[in-house]
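The values are calculated or read from the model by the stated rules, or taken from the named source; none is laboratory data. None of these values were measured; they are calculated from a predicted model. As a convention, Cβ positions derive from the backbone with ideal geometry for all residues, glycine included, and neighbour counts pool all protein chains shown.
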Amino acid sequence: MIPAQQALQKLRDGNRRFVADDSDHTKLTHRKSRDEVAAAQAPFAIVLGCSDSRVPTEIIFDQGLGDLFVIRVAGNIVAASQVGSIEFAAEHFGARLIVVMGHSRCSAILTTLQELERPADSRSPNVAAIVDFIRPSVQGLLQSRNRLGHDELVSQAIKENIRNSVSHLKLHSDILRRMIRDNGLLVIGAQYSLGTGVVSFFDDLVDGD
């Protein structure tokens, strides 16, 4: 079992290799890696990320098969099934780090902002459910849209959505709350830049609650 801060450093180091174009892609494709994890898994971190095709979690952290337990959903929202998956991984596989990772220019955030400004009657109820999860994170920001400008509004909405997902995991899961208190579990937020490839971890969510 890898302690949370050590796991976080492994992610930081892996992302630095990815940005420097120094990744070891064989960790995801080599048969030896497949054989090593076929019987059991022990991921050192759990990542709840967005389903965006430009944000492949293992690749941007330069990790291999069996290293990360990854849940991906549009807008990195925290619905019951995502919470259950995270609880399962934390309890059964011993991972002590949970990262909620959003990314720049997130389409789910843009769609939610558009919906709040111009509701769409024709939207699928399934897509509307995703929008409804994100809505509380961004609704208050619309009051500042004239002062912030569109790009800054989107940027702040992305960050606020990440923070709210982190808070939800900390506050609304008895299992995770117990593991934070008793087992050194760390739940933090991060944002991936589509332009630079850099993952920025939210400092205020690393050491505090």
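Remarks
- So residue 41, is it more than 26 Å from residue 79 (Cα to Cα) and polar (S, T, N, Q): no
- Some residue of region 115-128 being touching a residue at least 40 places away in the same chain (Cβ under 8 Å) and in contact with a Leu (Cβ under 9 Å, 6 or more places away or on another chain): no
- Of the residues in region 63-76, none is surrounded by fewer than 22 Cβ atoms within 10 Å (Cβ to Cβ), free of Cβ contacts under 8 Å to residues at least 12 places away in the same chain and under 19 Å from the mean Cα position of the chain (by Cα).
- Residue match in region 190-197 (condition: free of Cβ contacts under 8 Å to residues at least 24 places away in the same chain and either more than 19 Å from residue 76 (Cβ to Cβ) or not in a helix (DSSP H, G or I) (or both)): no
- Top-ranked residue of region 102-152 - restricted to ones that are assigned to a loop (DSSP other than H, G, I, E, B) and at pLDDT 80 or above, ranked as surrounded by the fewest Cβ atoms within 10 Å (Cβ to Cβ): 105
- Taken as a whole, the condition of being closer than 20 Å to residue 45 by Cα and touching a strand residue (DSSP E or B) at 6+ places or on another chain (Cβ under 8 Å) applies to residue 176.
- Members of region 170-182 found to be outside any helix (DSSP H, G or I) and modelled with pLDDT of 95 or more, listed by number: 173
- If you go through region 22-53 and keep only what is loosely packed, with under 10 Cβ neighbours inside 10 Å and either in contact with a His (Cβ under 6 Å, 6 or more places away or on another chain) or of a type in the set (A, V, I, L, M, F, W, C) (or both), you end up with 39, 40.
- A residue that is within 15 Å of residue 51 (Cα to Cα) and aliphatic (A, V, I, L, M) occurs somewhere in region 118-130.
- Counting residues in region 57-74 that are at positive phi, in contact with a Ser or Thr (Cβ under 6 Å, 6 or more places away or on another chain) and of a type outside the set (A, V, I, L, M, F, W, C) gives one or more.
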